[in-house]
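This report concerns only the one structure given below.
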Amino acid sequence: MGVFGRMDAIRFANPFQPYLLPGERILWSGRPKQGLVLRGADALLIPFSLLWGGFAIFWNIGVWTFPATGQSIDWFMRLWGLPFLVVGLYMILGRFLHDLLLRRQMAYAVTDQRILVLSGLLANRLSSLDVHWLPKLQLSEHRDGTGTIELEGDDSALPFFYRRQGMGTWTPALGRGTQLFRIEEPRWVYDLIRKQAQRS
């Protein structure tokens, strides 16, 4: 294990102590990459969000600045545009802040029995997978040295409204299932999980 992994195991072991099973041992713990994170998908999402948000801003400026012919139509048009403005502002800026805050509260651990993901902005939320019965184990490495390990099958093939976590497209930390998102030493952690999974 590298220096980062050893320091993280000491630094982030405590949050998981209340959730450990009798005799369960933490083998590694860490956190997702902090700060602004851009992905390849943002090459499409950013232009789309600017197009949506720009139109919503232009629409709202228009209906709030220039009076309509009828008072009832005027207020209807003003209120009708506000949800689109909120969504546009979220897609342009809010999603990056949301994702940043989510990752600040996340911690990961690999034990000799399970993989644990601790998250939640207002309250702790623990997700766990039996290390011997993983639905999926896939490693994606990035140019900055971090990597993402996906542990559950996603539902990306389904229509958007049928997906469990469609917001994962816009907010990477949410993902489409349990994952270790943009961690340091990803290949070492991947090999550790694979070795534990092979043990009966």
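The values are calculated or read from the model by the stated rules, or taken from the named source; none is laboratory data. Please read all numbers here as calculations on a predicted model, not as lab measurements. Quick reminder, even Gly has a Cβ in these numbers, built from the backbone with ideal geometry, and neighbours come from all protein chains shown.
If the Cβ limit is 7 Å and pairs must be 6+ apart or interchain, which residue in the range 177-192 that is in the same structural domain as Ile149 (by TED's automatic domain parsing) pairs with which residue that is assigned to a helix (DSSP H, G or I)?
Close Cβ pairs (under 7 Å, with a partner that is assigned to a helix (DSSP H, G or I)) amount to Leu180/Val189; Ile183/Val189; Glu184/Phe4; Glu185/Phe4; Glu185/Gly5; Trp188/Gly5.
Name every residue in the range 168-200 that is charged (D, E, K, R), over 15 Å from Ile26 (Cα atoms), outside any strand (DSSP E or B) and modelled with pLDDT of 90 or more, in order of residue number.
Listed by number, the residues that qualify are Glu184, Glu185, Arg187, Asp191, Arg194.
Of the conditions (1) in contact (Cβ under 8 Å) with a residue 40 or more places away in the chain; (2) closer than 30 Å to Leu192 by Cβ; (3) within 24 Å of the chain's Cα centre (by Cα), Arg25 fails just one. Which one is it?
The number of the failed condition is (3).
Does any residue of the range 102-117 turn out to be touching a strand residue (DSSP E or B) at 6+ places or on another chain (Cβ under 9 Å) and surrounded by fewer than 14 Cβ atoms within 10 Å (Cβ to Cβ)?
Yes, the range 102-117 contains at least one residue that is touching a strand residue (DSSP E or B) at 6+ places or on another chain (Cβ under 9 Å) and surrounded by fewer than 14 Cβ atoms within 10 Å (Cβ to Cβ).
Can you name every residue in the range 5-35 that is among the polar types (S, T, N, Q), over 14 Å from Ile115 (Cα atoms) and modelled with pLDDT of 90 or more?
Within the range 5-35, Gln34 is the sole residue that qualifies.
If you scan the range 97-118, which residues turn out to be closer than 24 Å to Arg194 by Cβ and not β-branched (Val, Ile, Thr)?
Scanning the range 97-118 gives Met106, Ala107, Tyr108, Ala109, Asp112, Gln113, Arg114, Leu116, Leu118.
Could you list all residues from the range 53-64 that are surrounded by fewer than 16 Cβ atoms within 10 Å (Cβ to Cβ) and closer than 12 Å to Val87 by Cβ?
Phe55
Considering only the range 128-142, state which residues are surrounded by fewer than 15 Cβ atoms within 10 Å (Cβ to Cβ) and in a strand (DSSP E or B).
Asp130, Gln138, Ser140, Glu141
Might you check whether a residue that is assigned to a helix (DSSP H, G or I) and modelled with pLDDT of 80 or more occurs anywhere in the range 104-121?
Yes, there is a match, as at least one residue in the range 104-121 is assigned to a helix (DSSP H, G or I) and modelled with pLDDT of 80 or more.
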